[in-house]
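Asker: Below: one structure in structure tokens.
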Amino acid sequence: MAGGQKTDEALIIIDVQNDFCAGGALAAGGDNAFIDKINRLTETCDNIILTQDWHPAGHVSFAAAHAGKAAYDTVETAAGRQILWPTHCLAGTEGAAFHPALRQDKAALIIRKGTCRDYDALSAFCDTSGRPTGLAGFLRERGFEKLSFCGLMTDFCVSCSALDAVKAGFKARVALAACQAIDINGSYARALTIMRRNGVELGLLA
Ligand SMILES: [Zn+2]
């Protein structure tokens, strides 16, 4: 193992895709400086997992799929309340591709989520129907116990993934400096509070 790095630690990089980065269809706030911070994190960890939001046309999370609804409205679905987004991360499109500045060469696994039209998947672990992505099985089989999360968006997919990691019995840490939030109606502060309450360690510096 290069650099004597611990083999039970993995870095999970959430959704660093063109549509979520500055200039994209559903961009987080700020510029893309956080990507450099993620790349630096990849230098200190040999076990890298990437996730990719990957939706079919007409996905339940798209405002355009619901008559009379606009982006950031909510609707009730069989799986509970769903926040609606601009159309984003259509499977196979340039918007769904990883941002070109992101280092991908060390990634051992790419998890694609939100692939079922009727269910959204903020979490890297499962969709809103509870169907697992397989990530927890991969992590257990490889013996990873301590997980660090970074990427997009801090207050949605990153926080949901970190919370599900704790629920699944892993130690979870979020590298806040290597994340970007979208912060809708106080969602950022709320996500930090919920993560703290549920045992997610928050790293102020990457
Ligand atoms: Zn999505």
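The values are calculated or read from the model by the stated rules, or taken from the named source; none is laboratory data. Values in this document were obtained by computation on a predicted structure and should not be read as measured data. Ideal geometry is used to build each Cβ from the backbone, glycine not excepted, and the neighbour counts take in all protein chains shown. The accessibility values were calculated without ligands, DNA or RNA, using every heavy atom of the protein model including side chains. Shrake-Rupley method; radii C 1.70, N 1.55, O 1.52, S 1.80 Å.
Asker: For labels at Arg190 and Leu109 in the simple 7 Å Cα→Cβ model, what's the distance in nm?
Answerer: Label at Arg190, label at Leu109, 3.0 nm between them.
Asker: With +1 on each Lys and Arg Cβ and -1 on each Asp and Glu Cβ, how big is the dipole of the range 66-206 about its Cα centre, in debye rounded to the nearest 20?
Answerer: Here the range 66-206 has a charge dipole of around 420 debye.
Asker: Tally Lys and Arg at +1 and Asp and Glu at -1 over the other residues with C-beta under 15 Å from the C-beta of Leu192: what net charge comes out?
Answerer: Residues near Leu192 contribute +1 overall.
Asker: For the range 7-94, just say rounded, prolate or oblate: build the C-alpha gyration tensor, square-root its eigenvalues into a ≥ b ≥ c, call rounded for a/c under 1.5, and beyond that prolate if a/b exceeds b/c, oblate if not.
Answerer: Values: a/c = 2.59, a/b = 1.93, b/c = 1.34.
Verdict is prolate for the range 7-94.
Asker: Okay, next question. Ratio of Rg to Rh for the chain, alpha carbon only, Kirkwood?
Answerer: 0.94
Asker: In addition: Sum -39500 (n - 2.57) across every DSSP H segment of at least 4 residues in the chain, then divide by the residue count to get the 222 nm mean residue ellipticity, nearest 500.
Answerer: Result for the chain, helices only: -5500 deg cm²/dmol.
Asker: Residues of the chain: accessible area per residue at 1.4 Å, in Å²?
Answerer: On a per-residue basis, the chain sits at 46 Å².
Asker: Shifting gears a bit: Expressed as a rounded percentage, what relative contact order does the range 107-204 have, with Cα pairs under 8 Å and six or more residues apart?
Answerer: RCO, the range 107-204: 23 percent.
Asker: Below 8 Å, C-alpha to C-alpha, sequence gap of six or more: please give me the relative contact order for the chain in percent.
Answerer: That works out to 24 percent.
Asker: Can you compute 3J(HN,Hα) from phi for each residue in the range 48-63, using the Karplus curve 6.51 cos²θ - 1.76 cosθ + 1.60 with θ = phi - 60°, rounded to whole Hz and x for Gly and Pro?
Answerer: These are the phi-based 3J(HN,Hα) values: 10, 10, 10, 10, 9, 5, 8, 9, x, 4, x, 4, 4, 7, 8, 4 Hz.
Asker: Sticking with this one: Taking the Cα centre of the range 1-78 as origin and charging only Cβ (+1 Lys, Arg; -1 Asp, Glu), how large is the dipole, in debye to the nearest 20?
Answerer: Values: 4 positive and 11 negative charges, 16 e Å.
It comes to approximately 80 debye.
Asker: Ranking request for peptides 9-17, 182-190, 170-178, 25-33: highest mean number of other beta-carbon atoms within 10 Å first, then the rest in descending order.
Answerer: Result, highest mean Cβ count within 10 Å first: 9-17, 170-178, 25-33, 182-190.
Asker: Now for a separate question. Using Cα pairs under 8 angstrom and six or more residues apart, how large is the relative contact order of the range 30-84, in percent?
Answerer: With pairs under 8 Å counted, the relative contact order is 20 percent.
Asker: Measure up Lys37/Lys113; Lys37/Lys106; Lys6/Lys146; Lys6/Lys171 against 20 Å on the Cα-Cα distance and list the ones that go over.
Answerer: Exceeds cut-off: Lys37/Lys113.
Asker: Shifting gears a bit: Got a sec to turn the phi values of the range 10-27 into Karplus ³J(HN,Hα) couplings, 6.51 cos²θ - 1.76 cosθ + 1.60 with θ = phi - 60°, whole Hz, x for Gly and Pro?
Answerer: Once rounded to whole Hz, the list reads 10, 10, 10, 9, 8, 6, 7, 10, 3, 5, 9, 9, 3, x, x, 5, 9, 7.
Asker: Could you put Trp54, Trp85 in order of accessible surface area, largest first, with the 1.4 Å probe and the full protein assembly present?
Answerer: Values: Trp54 45, Trp85 15 Å².
Heavy-atom accessible area, descending, gives Trp54, Trp85.
Asker: Once each part is reduced to its C-alpha centroid, what is the distance from the range 6-20 to the range 89-103 in angstrom?
Answerer: If you average the Cα positions of each part, the centres end up 14 Å apart.
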